[in-house]
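To start, I am sharing the structure in question, which I have written as structure tokens.
The values are calculated or read from the model by the stated rules, or taken from the named source; none is laboratory data. The shown structure was predicted, so the numbers you read here are calculated from the model rather than taken from an experiment. Neighbour counts are summed over all protein chains in view; Cβ atoms, including those assigned to glycine, are modelled from backbone coordinates with ideal geometry. Note: accessible area is taken over every heavy atom of the protein model, side chains too, but ligands, DNA and RNA are not part of it. Shrake-Rupley method; radii C 1.70, N 1.55, O 1.52, S 1.80 Å.
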Amino acid sequence: MHHPVEHFPTQEELEKAVQILRGAKRIAVLTGAGVSAESGVPTFRGAGGLWEGHSILEVATPEAFEDNPALVWRFYNARRANLRTVKPNPGHYALAALEERWTSTHFTLCTQNIDGLHRAAGSRQVLELHGRLTRVRCTVCTLIEDRPGETLDELPRCPQCGELLRPDIVWFHEMLPADVWLQAALAAEECDCFLVVGTSAVVYPAASLVDLARTVGARVIEINLDQTEVSHLVTLALHGKSGEILPELVKRLG
Ligand code: BJW
Ligand code: ZN
């Protein structure tokens with residue numbers, strides 16, 4: 001049987017991270033699917049990164065939705081159903097604790113995740129770069145609604161105008177919500193410590209926040225099971241599970 005190696009950073013690495021955090025006036029964070037993996041939300045790339053044999057590119061684009069909205073809605077209804085069974089993990093709570101300690105004016109959490117788990121864990125200032133899975137919006141009129149509780153029809157209709165609804169999330173080839181993006185870019189530019197957690201950092205423009213922080217001289221700490229596209233840019237890479245490493249850092253901060 002194959003037993004994957006369980007990684008955890010060394011004492012030296014953890015102490016270095018704590019030192020960087022202690023010296024930081026402003027912290028910005030970018031999270032990805034990896035922070036929610038320990039809650040039971042599947043990641044996109046790597047093992048299990050397929051849905052009924054479809055890659056994320058085949059279901060998460062406006063073109064896919066135009067071609068086959070029922071298929072795309074089946075995919076999102078399955079994920080909406082899974083979301084109702086999951087809870088935040090210690091990594092989400094640790095990030096909420098960091099915000100508490102630095103206060104919301106000096107701590108900004110940018111997430112690519114659409115699962116709402118950061119807010120559920122108590123994070124207050126969360127910039128949801130790719131939208132939110134529980135929300136729907138009309139493809140024609142201005143209606144946007146939070147519909148967390150139910151499985152929607154395969155072709156759900158707008159209660160206001162009767163046209164097709166879509167998930168209120170950002171697909172490939174679509175723009176990120178402009179105000180949210182501007183706030184995220186500003187937070188990356190103004191921070192002196194940037195944490196990049198549980199993301200493969202291949203999807204733009206979110207991944208460019210790391211470069212932005214680097215450009216202004218911020219120290220960058222990466223927390224990930226593996227090496228990523230941005231590992232070569234970071235000040236310190238901590239390899240292991242975010243649900244174990246983040247609480248350990250909070251504990252050591254005292
Ligand atoms: C753990 C762990 C544990 C696991 N602990 N770690 C060529 C070059 C540059 C850009 C482009 C290009 N071609 C196209 C583009 C643009 C495109 C893009 O970036 N494509 C790249 C793939 C190349 N970007 C866009 O289209 C964006 N819009 C845009 O650019 O607009 C301008 C424009 C307008 C018009 C025309 C063209 C451009 C929009 C991107 C939106 C992405 N949306 C998705 C789907 C959202 C809805 C949904 O969820 O269904 O967002 S894609 C998907 O990837 C999702 C995620 O938020 C996003 C990022 O993934 P993430 O979070 O990094 O997850 P994984 O699975 O990749 O990684 C998990 C990581 O966790 C791994 O590293 C593990 O090791 C780690 N891990 N367990 C710690 N326990
Ligand atoms: Zn409508």
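For ALA37, are the conditions met, namely being under 30 Å from CYS193 (Cα atoms) and small (Gly, Ala, Ser)?
On the way: under 30 Å from CYS193 (Cα atoms): yes; small (Gly, Ala, Ser): yes.
For ALA37, the condition - under 30 Å from CYS193 (Cα atoms) and small (Gly, Ala, Ser) - is met.
What's the number of the only condition in (1) within 24 Å of TRP181 (Cα to Cα); (2) within 16 Å of ligand 2 (Cβ to nearest atom) that VAL35 fails to meet?
Looking at each condition in turn, VAL35 falls short on (2).
Go through the stretch 145-155 and give me each residue that's within 15 Å of ILE169 (Cα to Cα) and either aromatic (Phe, Trp, Tyr) or surrounded by 12 or more Cβ atoms within 10 Å (Cβ to Cβ) (or both). Let's see the steps before the verdict.
Here is the first cut: in the stretch 145-155, the ones within 15 Å of ILE169 (Cα to Cα) are 145-148.
Matches in the stretch 145-155: GLU145, ARG147, PRO148.
Out of HIS118, HIS106, HIS92, which single residue is open to solvent by 20 Å² or more (accessible area, probe 1.4 Å), in the same structural domain as SER36 (by TED's automatic domain parsing) and not basic (Lys, Arg)? Write out each step before concluding.
Details: HIS118 fails: open to solvent by 20 Å² or more (accessible area, probe 1.4 Å); HIS92 fails: open to solvent by 20 Å² or more (accessible area, probe 1.4 Å).
Sole residue among the options that is open to solvent by 20 Å² or more (accessible area, probe 1.4 Å), in the same structural domain as SER36 (by TED's automatic domain parsing) and not basic (Lys, Arg): HIS106.
How about the stretch 150-163: which of its residues are at negative phi and either in contact with a Gly (Cβ under 6 Å, 6 or more places away or on another chain) or without any contact (Cβ under 8 Å) to a residue 24 or more places away in the chain (or both)? It would help to see each step written out before you state the result.
Narrowing the stretch 150-163 to residues at negative phi: 150-161, 163.
Scanning the stretch 150-163 gives GLU150, ARG157, CYS158, PRO159, GLN160, CYS161.
Further question: Taking the condition among the polar types (S, T, N, Q), modelled with pLDDT of 95 or more and assigned to a helix (DSSP H, G or I), does SER36 pass?
On the way: among the polar types (S, T, N, Q): yes; modelled with pLDDT of 95 or more: yes; assigned to a helix (DSSP H, G or I): yes.
The answer is yes for SER36.
Just name the residue that is least open to solvent (accessible area, probe 1.4 Å) out of those in the stretch 24-42 that are of a type in the set (Ser, Thr, Tyr) and either over 17 Å from TYR204 (Cα atoms) or more than 10 Å from ligand 1 (Cβ to nearest atom) (or both). Break it down stepwise before answering.
Let us first name the residues in the stretch 24-42 that are of a type in the set (Ser, Thr, Tyr), namely 31, 36, 39.
Filter again for either over 17 Å from TYR204 (Cα atoms) or more than 10 Å from ligand 1 (Cβ to nearest atom) (or both), leaving 36, 39.
Numbers: SER36: 1, SER39: 22 Å².
Among residues in the stretch 24-42 that are of a type in the set (Ser, Thr, Tyr) and either over 17 Å from TYR204 (Cα atoms) or more than 10 Å from ligand 1 (Cβ to nearest atom) (or both), the one least open to solvent (accessible area, probe 1.4 Å) is SER36.
Same structure, new question: Look at the stretch 232-254 and say how many of its residues are touching a residue at least 24 places away in the same chain (Cβ under 8 Å) and in a helix (DSSP H, G or I). Quick ask: steps written out before the conclusion?
First, the residues of the stretch 232-254 that are touching a residue at least 24 places away in the same chain (Cβ under 8 Å): 234-236, 238-250, 252-253.
So of that shortlist, the ones also in a helix (DSSP H, G or I) come out as 242-250, 252-253.
Residues in the stretch 232-254 being touching a residue at least 24 places away in the same chain (Cβ under 8 Å) and in a helix (DSSP H, G or I): 11 in total.
Go over the candidates GLU154, GLU150 one by one and state the one that is within 22 Å of GLU66 (Cβ to Cβ), outside any helix (DSSP H, G or I), at pLDDT below 95 and more than 16 Å from ligand 1 (Cβ to nearest atom).
Working: GLU150 fails: within 22 Å of GLU66 (Cβ to Cβ).
Of the residues listed, the single one that is within 22 Å of GLU66 (Cβ to Cβ), outside any helix (DSSP H, G or I), at pLDDT below 95 and more than 16 Å from ligand 1 (Cβ to nearest atom) is GLU154.
Consider GLY131 carefully, then state whether it is open to solvent by less than 10 Å² (accessible area, probe 1.4 Å), modelled with pLDDT of 95 or more and not hydrophobic (A, V, I, L, M, F, W, C).
On the way: open to solvent by less than 10 Å² (accessible area, probe 1.4 Å): yes; modelled with pLDDT of 95 or more: yes; not hydrophobic (A, V, I, L, M, F, W, C): yes.
Yes: the conditions hold for GLY131.
Another one. In the stretch 208-254, which residues are open to solvent by 10 Å² or more (accessible area, probe 1.4 Å) and of a type in the set (D, E, K, R)?
ASP211, ARG214, ARG219, ASP226, GLU229, LYS241, GLU244, GLU248, LYS251, ARG252
Could you list, in sequence order, the residues of the stretch 77-87 that are part of a loop (DSSP other than H, G, I, E, B) and open to solvent by 50 Å² or more (accessible area, probe 1.4 Å)? Working first, answer last.
Going through the stretch 77-87, the residues part of a loop (DSSP other than H, G, I, E, B) turn out to be 84-87.
Within the stretch 77-87, ARG84, THR85, LYS87 qualify.
Working only within the stretch 152-169, note down all residues that are within 22 Å of ALA81 (Cα to Cα) and among the hydrophobic types (A, V, I, L, M, F, W, C).
Just the residues of the stretch 152-169 that are within 22 Å of ALA81 (Cα to Cα), to begin with: 152-159, 164-169.
The answer is LEU152, LEU155, CYS158, LEU164, LEU165, ILE169.
Report the residue count in the stretch 196-207 for those that are in contact with a His (Cβ under 8 Å, 6 or more places away or on another chain) and open to solvent by 30 Å² or more (accessible area, probe 1.4 Å). Steps first, please.
Of the residues in the stretch 196-207, the ones in contact with a His (Cβ under 8 Å, 6 or more places away or on another chain) are 206.
Within this subset, residues satisfying the condition of being open to solvent by 30 Å² or more (accessible area, probe 1.4 Å) are none.
Of the residues in that region, 0 qualify.
For the stretch 162-178, what are the residues that are open to solvent by 60 Å² or more (accessible area, probe 1.4 Å) and within 8 Å of ligand 2 (Cβ to nearest atom)?
GLU163
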